[in-house]
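Below is one structure, written out as structure tokens; the observations come after it.
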Amino acid sequence: MKAIRVHTFGGPEVLTLDEIPVPQPGPGEVLVRIQAIGVNFIDIYFRTGLYKADPPITLGMEASGVVEAVGEGFTQLVPGDRVAYCMTRGSYAEYAVIPAWQAIQIPDSLDFESAAAALLQGMTAHYLTHSTFELKPGHTALVHAAAGGTGRLIVQMAKMRGARVIATTSSAAKAEIVRRTGADEIILYTQQDFQPEVKRLTDGRGVDVVYDSVGASTFDGSLNSLRPRGMMVTFGNASGPVPPIEPLLLSQKGSLFLTRPTLFTYCATPEELRWRATDVLNWIAQGKLTLHIEKVYPLAQAAQAHIDLAGRKTTGKLLLK
Ligand code: NDP
């Protein structure tokens with residue numbers, strides 16, 4: 001089968017289209033014939049070596065497809081079932097083996113592309129808004145990179161939960177998209193220092209929570225945008241990883257909470273995974289949550305998808321086929 005792999009860490013040019021054997025499912029695993037592949041920023045972190053794995057690495061965490069074979073000991077899926085998943089690396093390929101409990105059955109009303117676009121970013125937005133900081137009416141959230149794949153879903157879920165959303169993005173064209181997504185206030189953080197603007201928009205108080213996926217370039221401003229005892233959720237490194245900080249800083253800025261969550265610890269059990277996946281897929285099927293698939297690239301053009309994502313050119317989900 002064909003697979004996009006990394007043999008040495010580096011830029012998009014290190015991605016190679018290799019011919020490798022089709023993997024076989026062991027006990028408790030399933031083999032999925034892949035129909036559509038979700039591209040995520042985490043794929044870039046594995047390509048550059050920021051996130052650790054031993055090469056050769058088949059990239060990609062997310063896909064949808066058809067169950068081709070079921071390993072021993074798992075009876076809830078049969079060949080032919082339509083499934084999607086997002087927590088096992090190796091999806092930039094024609095087939096992938098995953099732990100069977102991670103396979104989510106796709107509702108009949110959803111096509112493979114929507115299913116491959118929904119889970120990773122959708123369940124991330126779900127755990128951030130429903131669990132890490134449980135948004136309620138009366139809360140104000142600051143959401144960075146709000147025109148991005150994950151950002152657009154966080155904005156929608158924060159509004160579903162009744163919160164006020166202050167969003168940041170880099171251009172007027174992206175700002176228009178964020179406005180249509182439902183954000184209450186939008187700051188162009190490339191043209192304006194967002195921290196005083198957040199303070200102005202909250203009458204000097206600061207926000208209850210910051211959802212910050214940008215990392216290095218926004219971290220300090222995000223801490224300064226919080227109300228006393230507010231929560232800083234740093235969940236990504238699009239501009240680079242956040243350097244170490246002194247815990248005393250959190251006390252000086254008003255007894256702040258700081259967390260660095262990952263999807264994996266918020267979908268650690270089959271029950272929690274199913275709760276989040278079912279909510280996300282149902283909301284999409286019911287039209288309560290809107291997915292925006294920006295572009296579908298052939299598998300062999302994965303490098304171009306990485307260039308576009310890292311180059312801030314995109315405003316939604318990228319897929320490979
Ligand atoms: P996005 O579609 O959001 O793309 C990244 C966006 O980040 C860009 O479009 C850009 O938006 C913004 N950005 C700001 N500074 C930079 C920079 N220097 N270089 C590149 N982009 C920059 O990607 P994803 O939705 O795939 O992922 C968003 C973030 O969420 C990533 O950091 C990812 O790691 C994180 N994430 C974390 C998870 C977790 O569980 N911890 C799970 C899922 C995603 P703009 O032009 O508006 O500034």
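Bear in mind that the values in this text are calculations on the coordinates, not laboratory data. Treat the numbers as computed from the prediction; the structure is a model and nothing was measured. For neighbour counting, all protein chains shown are included, and Cβ atoms are generated from backbone atoms with ideal geometry for every residue, glycine included.
Using helices alone, what [θ] at 222 nm do you get for the chain, with -39,500 (n - 2.57) per DSSP H run of 4 or more residues, divided over all residues and rounded to the nearest 500?
Working: 10 runs with 95 residues, N = 321.
-8500 deg cm²/dmol, from helical runs alone.
Based on C-alpha pairs under 8 angstrom that are at least 6 apart in sequence, the chain has a relative contact order of 17 percent. With kT/(6 pi eta Rh) evaluated at 20 °C and eta = 1.002 mPa s, and Rh the Kirkwood radius from Cα pairs, the stretch 8-141 diffuses with a coefficient of 133 µm²/s according to Stokes-Einstein.
Taking R0 as 25 Å, what FRET efficiency do you get between R274 and Y45 from their Cβ-Cβ distance, rounded to the nearest 0.05?
That gives a FRET efficiency of 0.40.
For the stretch 219-321, take the alpha-carbon Rg, divide it by the Kirkwood Rh, and send me Rg/Rh.
On the way: Rg = 18.2 Å, Rh = 17.2 Å.
Ratio of gyration radius to Kirkwood radius: 1.06.
Percent relative contact order of the stretch 136-259, based on C-alpha pairs within less than 8 angstrom and at least six residues apart?
Values: 251 pairs, mean separation 25.2, N = 124.
Worked out over the stretch 136-259, it gives 20 percent.
Assuming R0 = 35 Å, can you tell me the calculated FRET efficiency for the pair Q286 and M1, based on Cβ-Cβ distance, to the nearest 0.05?
Details: r = 36 Å, r/R0 = 1.02.
With a Förster radius of 35 Å, E is 0.45.
Sorted largest first, the spans of the alpha carbon positions of the stretch 136-259 along the three principal axes are 40, 31, 23 Å.
Sorting 11-20, 79-88 by their mean Cβ neighbour count within 10 Å, with the most densely packed peptide first, gives 79-88, 11-20.
Computed extension length for K321-T75: 85.7 nm, one decimal, from 0.36 nm per residue of separation with the Cα-Cα distance subtracted. Coordinate range of the alpha-carbon atoms in the chain per principal axis, descending: 58, 39, 38 Å.
Going by Cα centres, the stretch 66-143 and the stretch 266-280 are how many Å apart? When both Cα centres are located, 8 Å separates them.
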